[in-house]
Amino acid sequence: MQQNGTPKAGLAVAAVFIVLEIAALSMLKSSSVLQNIWLNRFSHNVMALTWGGVSRLKDYTSLRHQNDILAGRNFELYKELSRYQDEEEQARSQALLDSVPGSRRFSFIPAEVTAMGTNTRHNYIILNKGSQDGVTPNSAIITPHGVVGIVQIVDKRYSYGLSLLNDKIVVSARIGREGIVAPLSWDGKNTKSAVLKNIPFHHKVAEGDTVLTSGMSSLYPPDIPIGITMGSRIVDGASNVVDVDLFLDFAALRYVIIAENKDRETIEELAR
Amino acid sequence: MRDIRYIVIYVILVIAHIIMNNFFDLARYFLICVLPVLIIMLPSRVNVLWAMVIAFVTGFVVDFFSTGLLGLTSLALVPVALAIQPLTLLILGGEQMARGEDVTFTRAGISRIALSCLFACSLYFIIYVWADSAGTVGFWSALLRIFLSVVLSTPLCVVVAKLLRPL
């Protein structure tokens, strides 16, 4: 037997083999219905397998293009989501403003807490609204659930304020809507409690009364709930001090309202 | 002279095969076929290409004059021709094959001849039975048919190999 070692001869052998086998299959196919059906089914399976493989290969090679399309779509969806988030933010701010007891004397600016300290005696708060948003120094920082602090320094885009958790801040508060007015300040113990000072000795304070802003300062709007009274005690034998449990959770604080009294300068001028 | 003898026996065996196909209808259970050995014992100067063509024509003639399916024998016999080189290498070894020596019974020995006949018959019957049943016969039935055909045909192929090229 002669050897066919060269690649060319090998190709020729393969080609002749394929041609002869195809010829044999063709004859077989045309000579019997059963074989015809069987070969058709076989060829269909082979074709399906081939086209399936080609399709999978195409899918694989077009992954980069698909990825680009998906990245573009992702970006569009992200933009749309941002738009909805902005709208929701505006709606939330509006709801926040609507929930504050109204007063024609005050203008309100919704803001978000950027930074806040709670673990020193002189805690601060930084808000994301500044002079370009209309914020002015000595504006009140409030929420519908209580007093947060007071704006002290205003930057173009941010405001720095002292929070209620600062022993320099004193808020004029009232026990109930028609009760006694007394200064409220932080007791320095924890973020949930404050004290009402200088309550006359003879004035009995019941536990569970609501403490509200009095409206007797030029800073804070009236009737903002601050907390509820707890126990009271006599200090220096002359006045009572009432413990107040604050409504506001400073640890979870995120959205606030900056309230500016439009008549503040006039009131302060008259008070001098 | 040896080639003429080979050709004569080749033709006689092909005719015998056709007659057997036409008059002994046992193909449903097993097949008896010596065509693979006719192909693997072809003279060494016939290369694989020509061997495949000879196998195809032989298969066509057998099918044409038999009651079987046209193309079936060719389909099974051409791969046997393609496998001639590895089978010759198995029978003769690389050195004698390189010298272009013909496969003979004496030179190769009965065991190698029998082994190559077994391989050739197995290849032939696997393809033949597979294409003949066309998916209508179960796997084990087809395997049994292949097994019986190989078992019965291989000894006959060895005898034919001795007849074709005794020395």
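What follows is calculated from the coordinates using simple rules that are stated; it is not laboratory data. The shown structure was predicted, so the numbers you read here are calculated from the model rather than taken from an experiment. In this analysis, Cβ positions are derived from the backbone assuming ideal geometry, glycine residues included, and neighbour counts consider all displayed protein chains.
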- [ ] List, in order, the whole-Hz ³J(HN,Hα) value for each residue of region B:148-162 obtained from phi through the Karplus relation with A = 6.51, B = -1.76, C = 1.60 and θ = phi - 60°; use x for Gly and Pro.
- [x] 4, 5, 5, 4, 7, 7, 4, x, 5, 5, 5, 4, 5, 4, 5
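Enumerate by residue number the trypsin sites (Lys or Arg not before Pro) in region A:222-263 meeting two conditions: DSSP loop (anything except H, G, I, E, B), and at most 14 other Cβ atoms within 10 Å of the site's Cβ.
A:Arg254, A:Lys262
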Open item on the list: Compute and list, largest first, the equivalent-ellipsoid semi-axes of region A:106-271 from the alpha carbon gyration tensor, each √(5λ) rounded to a whole angstrom.
Closed with: 27, 18, 13
Open item on the list: Based on DSSP loop calls and a cut-off of at most 13 other Cβ atoms within 10 Å, the longest stretch of chain A free of exposed GluC sites (Glu not before Pro) is what?
Closed with: A:1-177
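Provide A:Val171, A:Val113 in ascending order of the number of other Cβ atoms located within 10 Å of each residue's Cβ, fewest first.
A:Val113, A:Val171
Can you give the helix-only mean residue ellipticity at 222 nm for chain A, where every DSSP H stretch with n ≥ 4 adds -39500 (n - 2.57) and the sum goes over all residues, rounded to the nearest 500 deg cm²/dmol? Can you show the working numbers first?
Values: 4 runs with 99 residues, N = 272.
Helix contribution divided over all residues of chain A: -13000 deg cm²/dmol.
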Task: DSSP-loop chymotrypsin sites (Phe, Trp or Tyr not before Pro) across region B:1-93, with at most 12 other Cβ within 10 angstrom - done: B:Phe24, B:Tyr29
Open item on the list: Along the charge dipole of region B:2-164, pointing to its positive end and built from +1/-1 on Cβ of Lys, Arg, Asp and Glu, which listed residue (B:Ile32, B:Thr73, B:Ser133) has its Cα farthest out?
Closed with: B:Ile32
TODO: Work out from phi, with θ = phi - 60° and the Karplus expression 6.51 cos²θ - 1.76 cosθ + 1.60, the ³J(HN,Hα) of each residue of region A:71-83, listed in order in whole Hz, and give x for Gly and Pro.
DONE: 5, x, 5, 4, 5, 4, 5, 5, 4, 5, 4, 4, 4
Task: Under 28 Å from A:Lys168, Cα to Cα: lysines that are on another chain or at least 8 residues apart - done: A:Lys129, A:Lys156, A:Lys189, A:Lys192, A:Lys197, A:Lys204, A:Lys262
Open item on the list: Given points 7 Å out from each Cα along the Cα-Cβ axis, report the A:Tyr60 to A:Ala252 separation in nanometres with one decimal.
Closed with: 5.3
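Filter the trypsin sites (Lys or Arg not before Pro) in region B:4-75 down to the DSSP loop ones having no more than 12 other Cβ atoms within 10 Å, then list what survives.
Within region B:4-75, the qualifying trypsin sites (Lys or Arg not before Pro) (loop, at most 12 other Cβ atoms within 10 Å) are B:Arg28, B:Arg45.
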Open item on the list: From the phi angles alone, apply the Karplus equation (6.51, -1.76, 1.60; θ = phi - 60°) to region B:122-134 and give each ³J(HN,Hα) in whole Hz, x where the residue is Gly or Pro.
Closed with: 4, 4, 4, 6, 4, 5, 4, 5, 4, 6, 5, 6, 6
TODO: Quick one: order B:Phe119, A:Phe201 by neighbouring beta-carbon count within 10 Å, fewest to most.
DONE: A:Phe201, B:Phe119
Open item on the list: If I model a spin label as a point 7 Å beyond the Cα along the Cα-Cβ vector, how far apart are those points for A:Asp86 and A:Arg41 in nm?
Closed with: 6.4
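Let me spell out the model: positive unit charges on the Cβ of Lys and Arg, negative unit charges on the Cβ of Asp and Glu, origin at the Cα centre of region A:110-250. What dipole size does that give, in debye rounded to 20?
240
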TODO: Have a look at A:Ala9, A:Leu184, A:Leu70 and report the one farthest towards the positive end of the charge dipole of chain A, computed about the Cα centre with Cβ charges (Lys/Arg +1, Asp/Glu -1).
DONE: A:Ala9
Open item on the list: Can you compute the equivalent ellipsoid semi-axes for region B:2-164, i.e. the square root of 5 times each eigenvalue of the Cα gyration tensor, sorted largest first and rounded to whole Å?
Closed with: 26, 17, 14
- [ ] Working from Cα positions, state the angle (0 to 90°, nearest 10) between the long axis of helix B:72-82 and the longest principal axis of chain B.
- [x] 30
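Region A:85-163: percent of C-alpha pairs farther apart than 16 Å?
Percent of Cα pairs beyond 16 Å in region A:85-163: 52.
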Task: Scaled radius of gyration (Cα, divided by 2.2 N^0.38 Å) that the protein assembly as shown gives - done: 2.33
Task: Whole-number Å³ per residue for the convex hull built on Cα positions in region A:1-131 - done: 384
Open item on the list: Amide H of A:Gly215 versus every other amide H placed in the peptide plane: which residues, excluding those fewer than 5 positions away on the same chain, fall under 5 Å?
Closed with: A:Asp223
Open item on the list: Using all alpha carbons of region A:45-106, what is the percent of pairwise distances in each 10 Å bin, ordered from the shortest bin to the longest?
Closed with: 18, 20, 17, 14, 12, 9, 6, 3, 1
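Quote the relative contact order of region A:106-271 in percent (integer), defining contacts as alpha-carbon pairs under 8 Å separated by 6+ residues.
Relative contact order, region A:106-271: 25 percent.
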- [ ] Collect residues whose amide H, placed 1.01 Å from N in the peptide plane, falls under 5 Å from the amide H of A:Tyr124; neighbours closer than 5 in sequence don't count.
- [x] A:Gly117, A:Ser163
- [ ] Hey, can you grab everything whose amide H is under 5 Å from the amide H of A:Met230? Only 5+ residues off in sequence or another chain; H modelled, so Pro and N-termini drop out.
- [x] A:Gly208, A:Asp243, A:Val244, A:Asp245
